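The values are calculated or read from the model by the stated rules, or taken from the named source; none is laboratory data. Note that the structure is a prediction, hence the values are computed from the model and not measured. Reconstructed Cβ throughout: ideal geometry from the backbone, glycine too, with neighbour counts over all protein chains shown. What goes into the accessible areas is simple: the full protein's heavy atoms, side chains included, and nothing from ligands, DNA or RNA. Shrake-Rupley method; radii C 1.70, N 1.55, O 1.52, S 1.80 Å.
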Amino acid sequence: SQTIHQWPATLVQPVGSPLSLECTVEGTSNPNLYWYRQAAGRGLQLLFYSVGIGQISSEVPQNLSASRPQDRQFILSSKKLLLSDSGFYLCAWSVQAGANVLTFGAGSRLTVL
Amino acid sequence: GEDVEQSLFLSVREGDSSVINCTYTDSSSTYLYWYKQEPGAGLQLLTYIFSNMDMKQDQRLTVLLNKKDKHLSLRIADTQTGDSAIYFCAERKTGANNLFFGTGTRLTVIP
């Protein structure tokens, strides 16, 4: 069966510090991978998605970046965090066919102080 | 998330039915989804419906789709306290790899 792991679960970082959130998927190959952000009291905002290694699409301009160094690994990064980067970050995967059902990780809560 | 609209809050009494509504914008959307998010957790898929269907039932859950009005609803029968969560509606637009989510409806079940 497929599983998705996301870490760290909780992170408190000072403004201006770097960020690295990691997501890995097991039990499938060539998945679509996604990073969403959920800000307090708001819905889900798509940040990045990837259909293959090294292929990243960005939905909104921001100081975040994403990389996919391996087929089932998706990393969200920042060189310098802003206060507005605080939120709940969710990684998800889907198969590249059919209903494109997204399966989400447990999320990473980032607080920037 | 502005493309998909949902009410922010809904309160129901335990044992009653809950109906969560959603409107979406793309009449050519191929699939529509309902996800549930419990506090501090990721999103869990509840059900999805293909756009050529107008109803789907799965145990206590009933999804109704009105393509003409671009309206989707989720009915939860015999709502329990464990159903308290945020419910997200999402659409998959034609040709898109990703899903577009609504703001979520926070369902509170009163014992």
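One table, with the values for the structure above:
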read-out	value
Residue list for region B:22-62, filter: under 16 Å from B:Ser84 (Cα atoms) and either open to solvent by 20 Å² or more (accessible area, probe 1.4 Å) or away from every other protein chain (no Cβ under 11 Å) (or both)	B:Trp34, B:Lys36, B:Glu38, B:Pro39, B:Gly40, B:Ala41, B:Gln44, B:Leu45, B:Leu46, B:Arg60, B:Leu61
Of the criteria (1) free of Cβ contacts under 8 Å to residues at least 24 places away in the same chain; (2) open to solvent by less than 60 Å² (accessible area, probe 1.4 Å); (3) away from chain A (no Cβ under 14 Å), which one B:Leu10 fails	(1)
Leading residue by the ranking (surrounded by the fewest Cβ atoms within 10 Å (Cβ to Cβ)) among those in region A:28-53 that are within 28 Å of A:Val15 (Cβ to Cβ) and more than 14 Å from the chain's Cα centre (by Cα)	A:Ala40
Residue in region B:75-98 that is open to solvent by 60 Å² or more (accessible area, probe 1.4 Å) and either under 22 Å from A:Ser94 (Cα atoms) or within 11 Å of another protein chain (Cβ to nearest Cβ) (or both) present	yes
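Residue-by-condition table, conditions (1) within 13 Å of chain B (Cβ to nearest Cβ); (2) surrounded by 17 or more Cβ atoms within 10 Å (Cβ to Cβ):
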position	(1), (2)
A:Gln55	yes, no
A:Ser65	no, no
A:Asp71	no, no
A:Leu82	no, no
A:Leu102	yes, yes
A:Gly107	yes, yes
